[in-house]
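The values are calculated or read from the model by the stated rules, or taken from the named source; none is laboratory data. Not measured: the values here are computed from a predicted model. We place every Cβ from the backbone using ideal geometry, glycine too, and count neighbours over all the protein chains shown.
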Amino acid sequence: MPGEAAGAAPPPTGNGMHAPSAPALLALRGPSGVGKTTLLEALLPVLQGRGLRVGTLKHSSHPHPIDRPGSDSHRHLAAGAVRAAFLSGAGLAVFEAGQPDPDRVFQGVFADCELVLVEGWRERALPFLQLHRPDLPRPDDVDPGSLRLAWVGDAAGPGRVLPAEAGPVADFIMDWLGSGAH
C-alpha cells in the first residue's frame, strides 16, 4: 500500500492482532450428527465479537460435485481453465478442477483470517476439538501424539473436556491462539 514500508507487518485486525500470512487452523471433528455445524454456527459470532477474523472450510472425503454441470463456470473448467470464479452481488464462488493444494488455499483464500475452523478432515494432521455425545459412536482412540486439544460434550476419554457451548469453547480457542501453540 502507498506509504507502507516494504516488509511492514500487515495492518492490525479488530482485536489488535496482526493477521498472519497463514491463519491458525483448528478442526472440529466427530461423527455425523454430533453437532459440528451447530457448534460452528454458534462459535462464529462469539469469536467475531471478540475481534477475530474467522474463515471456515468444510471438508469432505467424498467426491461431491462442486459446480453444476452445464453452468458457464463448469464449461470453463472443462475447456481447460485452471480456476473459474463466479461473482455476483450475492457473493463469490471459486471452482478448481482436480485436487487443490490445501496449503495454497489456506495461505491465499484465508490470508486475511487469523483462524480457520475446519469441519472434518480426519485425514489431515490438524489440531482439533473432538465432539462427542453418548448416543453416538465413540471415536477411535488415536495415538499419544494426537493433535486433539480437548473433548467437547460428554467426557469420552482422557484430557480436557469442554461443554458443548459457544462461550467456553470460544474461551478455549482464544487461550489456544494466545499461547502461540498453533
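Being in contact with a helix residue (DSSP H, G or I) (Cβ under 7 Å, 6 or more places away or on another chain), at pLDDT 80 or above and on the phi < 0 side of the Ramachandran plot is the requirement here; does residue 47 meet it?
For residue 47, the condition - in contact with a helix residue (DSSP H, G or I) (Cβ under 7 Å, 6 or more places away or on another chain), at pLDDT 80 or above and on the phi < 0 side of the Ramachandran plot - is met.
Which residues, taken from segment 22-52, are assigned to a loop (DSSP other than H, G, I, E, B) and buried (at least 18 other Cβ atoms within 10 Å of the Cβ)?
23, 30, 34, 35, 52
Could we say that residue 156 is within 16 Å of residue 35 (Cβ to Cβ), in contact with a Ser or Thr (Cβ under 9 Å, 6 or more places away or on another chain) and modelled with pLDDT under 90 here? Write out each step before concluding.
On the way: within 16 Å of residue 35 (Cβ to Cβ): yes; in contact with a Ser or Thr (Cβ under 9 Å, 6 or more places away or on another chain): no; modelled with pLDDT under 90: yes.
Against the criterion (within 16 Å of residue 35 (Cβ to Cβ), in contact with a Ser or Thr (Cβ under 9 Å, 6 or more places away or on another chain) and modelled with pLDDT under 90), residue 156 does not qualify.
In this structure, does residue 84 turn out to be aliphatic (A, V, I, L, M), touching a Lys or Arg at 6+ places or on another chain (Cβ under 9 Å) and at pLDDT 90 or above?
Answer is no for this residue.
Search segment 108-130 for residues being of a type outside the set (Lys, Arg) and farther than 24 Å from residue 50 by Cβ, and hand back the single one that is surrounded by the fewest Cβ atoms within 10 Å (Cβ to Cβ).
Applying the filter and picking the extreme gives 123.
Determine whether segment 161-180 contains at least one residue that is at pLDDT 90 or above, surrounded by 18 or more Cβ atoms within 10 Å (Cβ to Cβ) and farther than 19 Å from residue 46 by Cα.
No, the conditions are met nowhere in segment 161-180.
Of all residues in segment 50-73, how many are among the basic types (Lys, Arg) and modelled with pLDDT of 90 or more?
Looking only at segment 50-73, we keep the residues that are among the basic types (Lys, Arg), and these are 50, 53, 58, 68.
Among the residues that remain, those that are also modelled with pLDDT of 90 or more are: 50, 53.
Selection size over segment 50-73: 2.
Within the bounds of segment 53-73, is there any residue that is surrounded by 14 or more Cβ atoms within 10 Å (Cβ to Cβ), touching a residue at least 24 places away in the same chain (Cβ under 8 Å), out of contact with any strand residue (DSSP E or B) (no Cβ under 7 Å at 6 or more places or on another chain) and not aliphatic (A, V, I, L, M)?
Scanning segment 53-73, I find at least one residue that is surrounded by 14 or more Cβ atoms within 10 Å (Cβ to Cβ), touching a residue at least 24 places away in the same chain (Cβ under 8 Å), out of contact with any strand residue (DSSP E or B) (no Cβ under 7 Å at 6 or more places or on another chain) and not aliphatic (A, V, I, L, M), so the answer is yes.
For segment 53-88, enumerate the residues that are within 27 Å of residue 113 (Cα to Cα), outside any strand (DSSP E or B) and either hydroxyl-bearing (Ser, Thr, Tyr) or touching a His at 6+ places or on another chain (Cβ under 7 Å) (or both).
Result: 60, 61, 67, 73.
Considering each residue of segment 94-107, count those that are of a type outside the set (S, T, N, Q) and exposed (fewer than 14 other Cβ atoms within 10 Å of the Cβ), and give that number.
So the answer is 4.
Give me the pairs, please: first residue somewhere in segment 30-48 and under 15 Å from residue 58 (Cβ atoms), second residue anywhere and of a type in the set (S, T, N, Q) and buried (at least 17 other Cβ atoms within 10 Å of the Cβ), beta-carbon distance under 9 Å, and either six or more positions apart or on two chains.
If the second residue must be of a type in the set (S, T, N, Q) and buried (at least 17 other Cβ atoms within 10 Å of the Cβ), the pairs left are 30/130; 40/56; 44/56.
Which of (1) outside any loop (DSSP other than H, G, I, E, B); (2) among the aromatic types (Phe, Trp, Tyr); (3) at pLDDT 85 or above; (4) out of contact with any His (no Cβ under 9 Å at 6 or more places or on another chain) is the odd one out, the single condition residue 106 does not satisfy?
(3)
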